[in-house]
Each structure stands twice: as C-alpha cells, then as structure tokens.
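Beneath this line is the structure, given in structure tokens, with notes to follow.
The values are calculated or read from the model by the stated rules, or taken from the named source; none is laboratory data. Nothing here was measured: the structure is a model prediction, and the numbers come from that model. Cβ: placed from backbone, ideal geometry, glycine included. Neighbour counts: every protein chain shown. Ligands, DNA and RNA are excluded from the accessible area calculation, which covers all protein heavy atoms including side chains. Shrake-Rupley method; radii C 1.70, N 1.55, O 1.52, S 1.80 Å.
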Amino acid sequence: NEWPLAHWVELAKRLQAQGYRLVLPYFGERELQRAQAVASQAGLPSDSLFAPGPLSVLAERMAHAYGVIGLDTGLSHLAVALNRRHVQLFSQPRIHRAGPQGGLHQKAVGGEQAPTLDEVWQAWTQVCQA
C-alpha cells in the first residue's frame, strides 16, 4: 500500500494551513526517506518526524492525537483501536473487510485504486465534523 508522495505533500500543506501540528512516524530507512521528503516539500518543522521505537510509545502518542490519516497498515488499525478520528487509505479491494466500520469519526477511502487527494480531504472533513 502506498499513496503518491505528491498527495502526502499536498495533504500535509492543507492540514498545516488548518493549524494542525503534523507528526510523521516512520519505521526503517525507507519510511524515513519518504517522511523526510514529505516534511521537506511541505515545509514542516524538523520535529515532525517521529521514530517511535516500541509500539507502546507510538500508542501513547497516538492516544493524544486529534486524528490520524494513514494507509491500511498496523498503525491505522491501532488508530481505530484507540478510537481516534481516522481516515484509512486503501489501494486494494479489501476496504470493506479491513477498513474501520461503525463510527462516523472513522472512514475508509479508496478500494480498487488509491483515493484521490480530494477524496481523502473530504473524508477528513467528515470525520472531524462527526
């Protein structure tokens, strides 16, 4: 599962313009490089990158987050378990069996193909209003 880098950058810019403080967690060198690219291109502060180490550290930080936007990964499922506002992005057809269900404050987008930036933004707006 991946979402285009340009979409992440534009989403980060939109969120930052709305006053959100973004945190980009990463695990490993590949994710670090991608998070650095998003942060750099979106003009995020250097402390936006977060290498959580143990899962418990990430869970504690996420428990205090306003919301989470992420791919269909363990981190997104953790956001659902923590009952955070959440938009989960899918680029595979398993959205209906793996995405968050039942709460207006959590939404899955995408499916057969990755969602557009506008679809993700609309979903974020909806979960924030719930």
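Brief remarks follow.
Matching residues to (1) of a type outside the set (A, V, I, L, M, F, W, C); (2) closer than 23 Å to Ala130 by Cα; (3) touching a helix residue (DSSP H, G or I) at 6+ places or on another chain (Cβ under 9 Å):
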{"site": "Gln16", "(1), (2), (3)": "yes, yes, yes"}
{"site": "Gly19", "(1), (2), (3)": "yes, yes, no"}
{"site": "Glu31", "(1), (2), (3)": "yes, no, no"}
{"site": "Gln36", "(1), (2), (3)": "yes, no, no"}
{"site": "Gly53", "(1), (2), (3)": "yes, no, no"}
{"site": "Leu58", "(1), (2), (3)": "no, no, yes"}
{"site": "Arg94", "(1), (2), (3)": "yes, no, no"}
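Yes/no matrix, rows are residues, columns are (1) over 15 Å from the mean Cα position of the chain (by Cα); (2) under 16 Å from His7 (Cα atoms):
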site	(1), (2)
Tyr26	no, no
Val38	no, yes
Pro54	yes, no
Leu58	no, no
Gly70	no, yes
Leu78	no, no
His86	no, no
Arg94	yes, no
Ala130	yes, no
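- Some residue of region 22-33 being crowded, with 18+ Cβ neighbours inside 10 Å and touching a His at 6+ places or on another chain (Cβ under 9 Å): no
- The single condition among (1) over 14 Å from the mean Cα position of the chain (by Cα); (2) open to solvent by less than 20 Å² (accessible area, probe 1.4 Å); (3) not polar (S, T, N, Q) that Pro115 does not meet is (1).
- Condition met for Gln126 (touching a residue at least 24 places away in the same chain (Cβ under 8 Å) and either of a type outside the set (Ser, Thr, Tyr) or farther than 19 Å from Leu24 by Cβ (or both)): no
- Taking each residue of region 55-78 that is crowded, with 18+ Cβ neighbours inside 10 Å and looking for partners that are among the polar types (S, T, N, Q) and outside any helix (DSSP H, G or I) with beta-carbon atoms closer than 9 Å, six or more apart or interchain, yields Val68/Gln88; Ile69/Gln88; Gly70/Gln88; Asp72/Asn1; Asp72/Gln88; Asp72/Ser91; Asp72/Gln92; Ser76/Gln88.
- Ala12 passes every criterion in (1) more than 23 Å from Gln106 (Cβ to Cβ); (2) surrounded by 14 or more Cβ atoms within 10 Å (Cβ to Cβ) apart from (1).
- A count restricted to region 81-93 and to residues that are surrounded by 20 or more Cβ atoms within 10 Å (Cβ to Cβ) and either on the phi > 0 side of the Ramachandran plot or not basic (Lys, Arg) (or both) stands at 5.
- All of (1) assigned to a helix (DSSP H, G or I); (2) closer than 18 Å to Arg21 by Cα; (3) at pLDDT 95 or above hold for Leu44 with one exception: (1).
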